[in-house]
1. Taking amide H positions as placed 1.01 Å from N in the peptide plane, with prolines and chain starts having none, which residues 5 or more places from GLY32, or on another chain, fall under 5 Å of its amide H?
2. Can you list residues whose amide H is under 5 Å from MET219's amide H, if they're 5+ apart or on another chain and H is modeled 1.01 Å from N?
3. In debye to the nearest 20, how big a dipole does the chain give about its Cα centre with +1 on each Lys and Arg Cβ and -1 on each Asp and Glu Cβ?
4. What relative contact order, as a whole-number percentage, does the range 159-255 give when Cα pairs under 8 Å and 6 or more residues apart are counted?
5. How about LYS251: which aspartates and glutamates have a C-alpha closer than 18 Å to its C-alpha, ignoring those fewer than 8 places off in the same chain?
6. How high is the relative contact order of the chain, in percent, counting Cα pairs under 8 Å that sit 6 or more residues apart?
7. Considering the options PHE89, MET219, LEU27, tell which one lies farthest towards the positive end of the dipole of the chain, charges being +1 on Lys and Arg and -1 on Asp and Glu at the Cβ, about the Cα centre.
8. Want the number for ASP178 to ALA84: 0.36 nm per residue separation, take away the alpha-carbon distance, what's left?
Amino acid sequence: MVPIVDIQNYSFQYLISDQPALKNIDLQLEEGRFYSLIGPNGSGKTTLANAIRGFVPKFHVGDDQGDVYVFGQNMKDLELSDLADKIGFVFQNPFTQMSGSKNTVFEEIAFGLENLGLPVDEIIEKVNQIIYEADIEELRDKNPLELSGGQQQRVALAAVLVMEQPLMVIDEPTSQLDPQSTEDIFKMIEKVKKRGTTVLLIEHKIDQIAEFSDEVIVMDQGEIKLQGSPAEVFQSPLLKEIDVTIPTPAKLSLELYDHGIDFTDVPITIDDLCQQIV
Ligand code: ADP
């Protein structure tokens with residue numbers, strides 16, 4: 001199967017910088033899988049996400065930067081508009097995603113579909129469906145700009161979901177949210193996963209990553225240092241050299257080990273932990 005994103009020996013350096021933000025990246029994202037991208041601040045996560053959605057310059061003068069293929073096409077041959085129906089993007093700050101010109105959440109979510117020129121009946125049906133799925137009926141007639149940050153992020157996510165693009169890139173959607181809103185967003189992300197959409201999620205919330213991800217990709221200093229299932233990555237000794245936290249069940253098992261309680265496998269999720277305690 002052809003991967004929907006295929007990055008080959010790709011490097012990128014910002015114009016005003018003395019070192020590359022991405023170094024020799026090789027990465028394939030396969031259809032229907034849920035990937036989480038983790039790593040310390042400044043390790044290159046957002047730059048990599050931007051390379052996938054075509055938001056970095058296509059060419060470097062006098063430099064062989066490698067290639068990014070999206071849905072089988074080289075990014076160098078694509079325009080941003082070619083990707084609009086293929087990649088949905090959710091930002092850290094939902095405010096930047098709001099059109100700013102819509103009176104209601106319903107209209108905000110309908111905006112992208114209207115731009116595609118879909119028939120009105122179809123737009124209404126799709127928007128109603130997504131409002132139901134996202135569990136945001138109570139926000140339907142509210143002004144998007146008057147919502148809380150958490151509510152805005154749910155609307156922003158719904159406005160992307162309604163477009164049904166096959167790849168979603170979600171960049172730290174909960175970094176500015178309180179715990180309840182974070183939980184609401186993760187409930188929505190779980191639904192995205194169940195739809196079979198391919199997802200690349202940049203996140204620091206390790207416990208949720210361990211629960212959701214098919215694969216975890218760890219970046220450090222512009223390079224991919226580790227990639228594998230949550231169990232493979234969070235049990236890897238290589239992780240000790242990188243400034244990322246491990247899931248709470250794994251941390252707990254290490255502390256219990258110091259008290260003479262030995263786990264057969266390092267538990268990564270709460271389920272793993274419970275199974276081993278029983
Ligand atoms: P992360 O998302 O992991 O925090 P980034 O991709 O934002 O990392 O940044 C990777 C590196 O590129 C960092 O050293 C950062 O300072 C640098 N960088 C990011 N954006 C720019 C920019 N617009 N111009 C110059 N350097 C940048």
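1. THR198
2. Here the answer is ILE38, GLY39, LYS225, since their amide H atoms fall under 5 Å of that of MET219.
3. Values: 21 positive and 47 negative charges, 72 e Å.
Computed charge dipole of the chain: roughly 340 debye.
4. Values: 82 pairs, mean separation 21.2, N = 97.
It rounds to 22 percent for the range 159-255.
5. Partners found: ASP207, GLU211, GLU232, GLU241, ASP243, ASP262, ASP265, ASP271, ASP272.
6. Details: 463 pairs, mean separation 64.6, N = 278.
For the chain, the relative contact order is 23 percent.
7. Towards the positive end, the residue furthest out is PHE89.
8. Values: separation 94, 0.36 × 94 = 33.84 nm, distance 3.05 nm.
Fully extending the segment from ASP178 to ALA84 adds 30.8 nm.
The values are calculated or read from the model by the stated rules, or taken from the named source; none is laboratory data. Bear in mind that the values here come from a model prediction, so they are computed numbers and not experimental data. All Cβ positions, even for glycine, are placed from backbone atoms using ideal geometry, and neighbour counts span all protein chains on display. Areas reflect the complete protein model, heavy atoms only, side chains present, ligands, DNA and RNA absent. Shrake-Rupley method; radii C 1.70, N 1.55, O 1.52, S 1.80 Å.
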